[in-house]
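The values are calculated or read from the model by the stated rules, or taken from the named source; none is laboratory data. This is a predicted model, so every value here is computed, not measured. Note that each Cβ is placed from the backbone with ideal geometry, even for glycine, and that neighbours are counted across all protein chains shown. In case anyone asks, the SASA skips ligands and DNA or RNA and just uses the protein heavy atoms, side chains included. Shrake-Rupley method; radii C 1.70, N 1.55, O 1.52, S 1.80 Å.
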Amino acid sequence: MTAIDRDRTRFVMTTVEVEGREEETVVQIPAFEPAPWSPRARFEHVGTRSVRVDGHAKVTGGARFTTDIQLPGMLYARVLRASIARGSVSRLDVSAARAIPGVRAVLTARDIPSIPWTQGAPLLGTRVLYPGQPLAAVAAESSRAAEAAVHAILARWSTREHTVGIPEASGRPSRRRGAPAPPTTHQEHRGNVTRAIRTAPVALTQTYRVAPVVHQALEPHGSVVWWQGDRVIVYDSTQGIFRVRRQLAEHLGLRTSQVRVVSEFMGGGFGGKNDCGSYTVLAALLSKKTRRPVKLILDRAEVVLDTGHRPETVMRLTLGAGRDGALTAIDFEAWIALGADGWVGGPGQLMHRMYSCPNVRTVEHFLYTNTSPMSAFRAPYYVEGAFALESAMDLVARRLRIDPIEFRQRNLTTVDQQRRRPYSTNGLAACYADVARRIGWSNGPTSSAALPGHVVRGLGIAAQIWGAGGGPPAYAEVRINRDGTALVATGTQDLGTGSRTILGQIAAEVLGLDLEAVLVVLGDTDAGPYAGNSWGSMTTASLGPAVRMAAEDARRQLCEVAATLLDASPDRLSLRRGRVRVGGGRKSIALQRVTEHLGTIMIVGRGHRGPNPESVTVASFGAQGAEVEVDLDTGVIRVLRVVAAHDCGRAINPELAESQLHGGIVQGLGYALCERLVQDPGTGRVLNAGLHDYKIPTMADMPAIDARVISSGDPMANHIGVKGLAEPPIIPTAPAIANALYDALGVQPTALPLTPARVLELMKRRRKRRR
């Protein structure tokens, strides 16, 4: 950590873990840090199941999502998209589209500045790299007129050879014909893996494959943009209002102060709304051209085609172990199909961090294909890696005749071996014990318990790690009103996870107010100080300490004023239930009396997030168990139960924490059983762009979910003891279900999703082995 002094303000250059990868950034050192809340501390609001403060607005329809925005004179936009996988546009005739009544603007590459986009190809360019790529945009008085104009555009193109998916996973990848770009390879290792595998008493190799999947957030992607004079107002369904502001300003050549981004409510993102989308840029350009507000909301097919996906991945994994059950080697090679673009992260990170092992080698090949660019998807790369690693752990445990939980516990680590420093805590042992007790693991897995009617049942277990320490920069203000109420202002956004409630609980705890007396204002770049994206399980762990610091700053100022009214020292005062009290006695005064005494003077507390400790790695841990039934006649899997226990530090609101667990488990269920993006190899077209064909879990598929947080404040994480919880619950779900299927059939599944056809194929393999 390198210190920088500027005008008496201290900054440091440090690293922050974001979406499973580290980023270097400059952060500000807080002027003061409150003492950490004790793990055994008792609270009035923190740790309680407070009702969501925005719940009433959502169930009554009062909450305004981006799709609800209606502005005077608003136009509606639609986008012409490529129907080929790769090629170039030879002709784009928009004359018929411009002639349709109600059409106010048509944009092609000729009408807009060259804005670099996918693989450097400009937005609305003539070079096509994937089906669904934008080619032209239309704005009209009605969505019907805009749709008619898009259909009226005459487009001709020449096709080129394209690449879809990963046909095989053997040999060193080279540039494949038709690929948008050559592959990128990343390697990392410690110890001597080759020798460790050669000398290991047990060494097993297996290849695992996972399909590409899409986010399918309830609220589609979209923006409403109004260009007013030299300023742009953007209503956006986004996970990062400040990130969209910066990126849009860069795309349009504007100053940051000329762009305001608002996201009052949003219906999920899961990583697919981390950046400024092409729809936002196109809506802005159309608004500038027409001088009217423009609304561009993607339909479900467009969301699937052009907002990112979790990449298809093939992983070859070798584990070496001693007879005592100690891991001696992990050798991992993966092929990741990014699509037309994407960022390099990789499932290999999990191999270096999850279990104690002296010899680890990871090689990851990032391949480019003619599919929409990948994007972060809830625990990116860790979900894929966990399926391989946790499946292989069961494979080795069976070979060693060791209970799968016992095998994992023998290889628990208290040290982040990749960064060579200890974990602040590792709650996996407690999570294993809790899950084992609740799922009935006392005698180990069920060993293919047979039931009447050609049905077998099995149990499976899996675990997770995720970097969940949060981090800077994140700022907050707490303003105390004359009537003794408080306003918390910050530039974050609420994805539907309850950020308003959680941040309000923290401020109310410090200020001794009822939760109803605290208003949290967020989702507007003009209304609150900077906060980062809601990604990587970072929001509460990053902003929570900033809000507490701001509230403590406001509290200190209040106590200084109250001390003169109570004739007492400020350090003897406490705030509780709307009153300022002296020590443990009865002498007190209403907080409102203090604020009224100030007249028009407003107390403003300011807080920001400092850097994470460099002496430890802050991570979350968790375990899940699954019980499944398999119909041997049809291959249909029915997940009966999922039992989960996750260590997330202090749960500010256990109700909302458990809601996060349920949401992640349901997404993991879809990843395990049914979800996959299907692209025709011959034409490159996506075959299941709508929800009718893209299967996601419904209520009919839901198992009984028994999910709990192992809540105890982690004082090494930050001064409120919180660790992130959004990503962790999706990581172990699919491998737990796959391991339960392994237990039921005696043959390990190696590919997701676990469709009936794949289950029947597993049964064929089992019959062949028995012969």
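Tabulated results
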item	result
Virtual paramagnetic centre 7 Å along Cα→Cβ of residue 15, amide N under 16 Å, in segment 349-367	349-354
Axial C-alpha extent at least 15 Å, average Kyte-Doolittle at least -0.5 - helices from the chain (DSSP)	241-252, 278-290, 382-400, 428-439, 499-511, 539-566, 654-673, 733-745
Accessible area per residue, Å², segment 328-486 with all protein chains present, probe 1.4 Å	29
Label point distance in nm, residue 68-residue 418, each placed 7 Å from Cα along Cα→Cβ	4.0
Residue 33-residue 51 pseudo-label distance in nm [points 7 Å out on the Cα-to-Cβ vector]	3.9
Distance between modelled label sites at residue 691 and residue 194, nm, 7 Å Cα→Cβ extension	5.3
P(r) weight above 25 Å for segment 409-565, C-alpha pairs, percent	53
Cα-based shape type of segment 382-427, given that a ≥ b ≥ c are square roots of the gyration tensor eigenvalues and the cut on a/c is 1.5	oblate
Calculated FRET efficiency for the pair residue 218/residue 600, C-beta based, R₀ 51 Å, to 0.05	0.70
Count of Lys pairs (Cα-Cα under 25 Å; at least 8 positions apart or interchain) in the chain	6
Given the chain, longest segment not containing exposed loop GluC sites (Glu not before Pro) (DSSP; at most 14 other Cβ within 10 Å)	169-613
Nearest-0.05 FRET efficiency for residue 680 and residue 206, computed from C-beta distance (R0 30 Å)	0.55
Equivalent ellipsoid semi-axes - Cα gyration tensor, segment 211-280, angstrom	24, 12, 9
Euclidean distance between Cα centres, segment 399-421 to segment 90-123, Å	56
Radius, Kirkwood style, for segment 81-236 when every pair of distinct Cα atoms is counted (Å)	20.2
Within segment 559-592, backbone nitrogen closer than 20 Å to the virtual label 7 Å beyond the Cα of residue 516 toward Cβ	576-580, 590-592
Segment 490-598: radius of gyration over Cα atoms, expressed as a fraction of 2.2 N^0.38 Å	1.20
Sequence ranges 569-579, 105-115, 424-434, ranked by mean other-Cβ count within 10 angstrom, highest first	424-434, 105-115, 569-579
Rounded percent of accessible protein surface that carbon and sulfur make up, segment 250-389, 1.4 Å probe	47
Segment 220-340: translational diffusion in µm²/s, Stokes-Einstein, Kirkwood Rh over Cα pairs, 4 °C, 1.567 mPa s	77
Neighbourhood net charge (11 Å Cβ-Cβ; Lys/Arg +1, Asp/Glu -1) for residue 355	+2
Principal axis dimensions, largest first and in whole angstrom, of segment 723-771 by Cα	51, 18, 12
Square roots of 5 times each gyration tensor eigenvalue, C-alpha, segment 300-357, largest first, Å	34, 10, 10
Value at 222 nm in deg cm²/dmol, rounded to 500, when DSSP H runs of n ≥ 4 in the chain each add -39,500 (n - 2.57)	-8000 deg cm²/dmol
Distant alpha-carbon pairs in segment 662-758 (separation over 15 angstrom), percent	71
Evaluated over segment 566-721, the Cα radius of gyration and Dmax, each in Å	26.3, 83
Portion, in percent, of the accessible area of segment 444-593 that falls on carbon or sulfur, probe 1.4 Å	47
Gap separating the Cα centres of segment 665-697 and segment 306-356, nearest whole Å	22
Surface share of carbon and sulfur [accessible, 1.4 angstrom probe, percent] for segment 82-166	49
Of every Cα-Cα pair in the chain, the percent that sits beyond 35 Å	50
